[in-house]
Amino acid sequence: MVKYVKTLFGIALQILTLVMTILAVHAQSQDLVYIDSVVSGPGQDVTVRISVRNTDSIASLSIPITYDTSILKIKSLSFTGSRIEYLANKITNPSTITNANGHFIVAAFRITEKALAPGDGPVFSVVFGVASSAADGKNARIDSLFYPPGGQLLLVTVDSKSVYPSFRAGNVMISSRPPVFATLSDQSALEGDSLKLDIAAADPNGRPVTLSLI
């Protein structure tokens, strides 16, 4: 009986140690892959950015994505203006991105180019077409997944260290009534002066509105 209790205690201790190790690794990770949350109307096209925040220089990355095919259909994918536009080796699976059916993966790696320096910003963007039948108020989640055989959310540093970043999903909120901006009065300023504008917007459906400058 004593031996049995010691065995159970040993197993429990091993499990606790493993859990604490996993939590410690996740707590130390400051790297993040995140996706925009945007608003679009039925039948419209919407651009969604996928961004990376990395604390080390990155030699390669792999980003699998999944999305709701009942609401969204991929029209195009672009690296233009992104942090990895300069890399010659960028791969998508499927190679013809419009053939994606609910999931795809984007990978990029350097050979002769400089590594992706520590920073934060978009690495690619996707244009989705929103189904004309999409119901007002519906949310289409854009998430990540394991993409067999071997595709996973992964950053690899220049010294070949694997980094498993945190992930923040995005979504496309369907609204037939877009946010309305408050009317601005005519403004003028002399050369060299500062001009301050107060911008305000409200959502007709009563949902919170977040303003950003791109």
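The values are calculated or read from the model by the stated rules, or taken from the named source; none is laboratory data. Bear in mind that the values here come from a model prediction, so they are computed numbers and not experimental data. With ideal geometry, Cβ positions are generated from the backbone for all residues, glycine too; neighbour counts draw on all protein chains shown. Protein only, heavy atoms only, side chains kept; ligands, DNA and RNA dropped before computing areas. Shrake-Rupley method; radii C 1.70, N 1.55, O 1.52, S 1.80 Å.
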Subject >> Residue in the range 40-53 that is nearest to A169 (Cα to Cα), counting only those that are surrounded by fewer than 19 Cβ atoms within 10 Å (Cβ to Cβ) and of a type outside the set (K, R) >> reply: T47
**OP:** Inspect all residues belonging to the range 118-132 and state whether any of them is under 30 Å from D159 (Cβ atoms), open to solvent by 50 Å² or more (accessible area, probe 1.4 Å) and modelled with pLDDT of 95 or more.
**Re:** yes
**OP:** Restricting attention to the range 79-96, report how many residues are surrounded by 13 or more Cβ atoms within 10 Å (Cβ to Cβ) and aliphatic (A, V, I, L, M).
**Re:** 2
Subject >> Scope the range 106-117; condition open to solvent by less than 20 Å² (accessible area, probe 1.4 Å) and not small (G, A, S); matching residues >> reply: V106, L116
**OP:** Could you check how many residues of the range 117-165 are part of a strand (DSSP E or B) and farther than 26 Å from T69 by Cβ?
**Re:** 8
**OP:** Quick one: which residue in D56, D136 is among the acidic types (D, E), surrounded by fewer than 18 Cβ atoms within 10 Å (Cβ to Cβ) and more than 17 Å from the chain's Cα centre (by Cα)?
**Re:** D136
